[in-house]
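Nothing in this text is a laboratory measurement; each read-out follows from the coordinates by a stated rule. Since this is a predicted model, take the numbers as computed values, not measurements. All Cβ positions, even for glycine, are placed from backbone atoms using ideal geometry, and neighbour counts span all protein chains on display.
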2 protein chains.
Amino acid sequence: MTTADPAPQRRMRADARRNYERLLAEAATIFAEHGVEASLEEIARRAGVANGTLYSHFPTRQALLEALLRDRMRTLSDTARDLLDHPSVDEALIIWARAAMAHTTVYRGLTTSLMRSIEDESSQLHAACQAVLTAGEQLLNRAQAAGTVRTDATASDLYALINAAAWAGEQTSPAQGERLLSFGIDGMRSATDS
Amino acid sequence: MTTADPAPQRRMRADARRNYERLLAEAATIFAEHGVEASLEEIARRAGVANGTLYSHFPTRQALLEALLRDRMRTLSDTARDLLDHPSVDEALIIWARAAMAHTTVYRGLTTSLMRSIEDESSQLHAACQAVLTAGEQLLNRAQAAGTVRTDATASDLYALINAAAWAGEQTSPAQGERLLSFGIDGMRSATDS
DNA sequence: AAATATATTGAGACAGTCTCAACTTGGCAA
DNA sequence: TTGCCAAGTTGAGACTGTCTCAATATATTT
């Protein structure tokens, strides 16, 4: 696993780069431990820098999340593309949905950020979320073309379903999240076209 | 609409009762405006009392919510009981689920509180949530007995589904919440019994 | 008109977000 | 090698918010 590059910026000064990496590493640990609402102050403290440094690298919590999730979200999009070749359109869809849900589950509270970011174009996470949504859309369209998924379900519905199921799983148990996802996808398949 | 009685307490002093009512009224307004994470300080300020007074009446945010939602949640349970006489078991279930979702939607952020409270027995909202869950269970069991809902769906699944759909609706649009609920319920109906 | 149980007050301890003027320091050019 | 300056860091400080509790005030009872 290579460390994420700092956006499309010019070369950073050595100390800046060091702090950037350090912050990212501590953020990963602390978010994993306390969820995405964890104190940014503590991340800075644990990284051994002043909080102003954190804010200068990551102006918002979402910018930090974006840097942390960039690779993973790209992978998720790639996975969707790969699954377009899967022999079973239905299976491809459910496999991807489960993978997406697993991704959404790495940090507690992430679902809310991801859901909010798809709506909020000014969010630093927006582009990444949009890419994931679009990736899912390919699989959904393919299933609809094959006639196994009702045509009134949208990519946005799929995205919302994945996040809602992940959210529920986060509140109660992962197993319940899985179950909700299954119900939802089954419901999207049910014959009753409106 | 009668005002909620302050729990099963003895008689309160006149000024205390006045403040209690005032706090409840302001809380309703402010929660409606800013969601359930609104500042308690502001509620106290707008009610014209010191914040200590708010805390003495409602030791936690959930205690305040409980007082605010008590009637409505009781009604929801009653509605479920009434619907047990509905000619269509399926329709009864979906009607109630929609009503429950509407209830969950009165304040932004409520879904999270309600979902957390079903798990957390020490929450002041726990009992009320449990009552709602049990009410839904009756309708679910009836549908399962009638053979229209798969038997591996639990009352907890139904509760989670309603809240998850409401949550999604809260993040994007109410219409999407409705759609997710439909998909979920349809999925619970689908033949594939495991 | 006390006496007393009941309520209210608001300052204060604490934790968190975010900003910005003052300071450091890395890296380049002479 | 030196010195300069753009780039980076610092941390105090202005906020907003939660929650507590000793001091104070007030309703009710006798």
Q. To one decimal in nm, how far is B:Arg13 from the same spot in the other copies, if labels go 7 Å from Cα toward Cβ? Please give the shortest first.
A. 6.2
Q | Calculated label separations, B:Ala25, copies of the chain, 7 Å along the beta-carbon direction, nm | A | 5.9
Q. Over segment B:62-177, what is the mean sequence separation of C-alpha contacts under 8 Å (at least six apart), divided by residue count, expressed as relative contact order in percent?
A. 32 percent
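Is there a simple number for the mean count of other chain Cβ atoms within 10 Å of the Cβ of residues in A:110-123, and what is it?
Numbers: counts 0, 4, 5, 0, 1, 5, 2, 1, 2, 3, 0, 0, 0, 0.
Neighbouring Cβ atoms belonging to other protein chains average 2 per residue here.
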Q: Can you find, among A:Gly147, A:Ile162, A:Leu23, the residue farthest towards the positive end of the dipole of chain A? Put +1 on the C-beta of Lys and Arg, -1 on that of Asp and Glu.
A: A:Leu23
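I need the calculated FRET efficiency for the pair B:Ala127 and A:Arg81, taking r as the beta carbon distance and R₀ as 51 Å, to the nearest 0.05.
0.55
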Q. Fewest first, what order do B:Glu37, A:Glu26, A:Glu170 take by the number of other Cβ atoms within 10 Å?
A. B:Glu37, A:Glu26, A:Glu170
**Q.** Sites B:Ala16 and B:Ile95, calculated FRET efficiency, Cβ-Cβ separation with R0 41 Å, nearest 0.05
**A.** 0.50
Q. Are there any helices in chain B, counted as whole DSSP H runs, that stretch 27 Å or more along their axis by Cα and score at least 0.0 on average by Kyte-Doolittle, and if so which?
A. B:126-145
Q: Please pull out the direction-averaged projected area of the protein assembly as shown, using the convex hull of its alpha-carbon atoms, in nm² to one decimal place.
A: 22.6 nm²
Q) What number, rounded to the nearest 500 deg cm²/dmol, is the helix-based mean residue ellipticity at 222 nm of the protein assembly as shown, given -39500 (n - 2.57) per DSSP H run of at least four residues and division by all its residues? A) -23500 deg cm²/dmol
Q: Please report, in whole Å, how far the alpha carbons of segment B:61-189 spread along each principal axis, starting with the longest.
A: 41, 29, 23
Q) Which order results if A:Ser39, A:Ser122 are arranged by neighbouring Cβ count within 10 Å, fewest first? A) A:Ser122, A:Ser39
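Residue separation times 0.36 nm, minus the C-alpha to C-alpha distance between A:Arg70 and A:Tyr55: what's the value?
Extra length from A:Arg70 to A:Tyr55 when fully extended: 3.5 nm.
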Q: Find, to one decimal place in angstroms, the Kirkwood hydrodynamic radius of segment B:131-194, where the mean of 1/r is taken over every pair of different Cα atoms and then inverted.
A: 12.1 Å
Q: Output, in nm with one decimal and in ascending order, the distances from the B:Glu121 label point to the matching label points of the other copies (7 Å from Cα along Cα-to-Cβ).
A: 5.0
Q. Counting only Cα, what are the radius of gyration and maximum Cα-Cα distance Dmax of segment A:14-57, in Å?
A. 9.6, 30
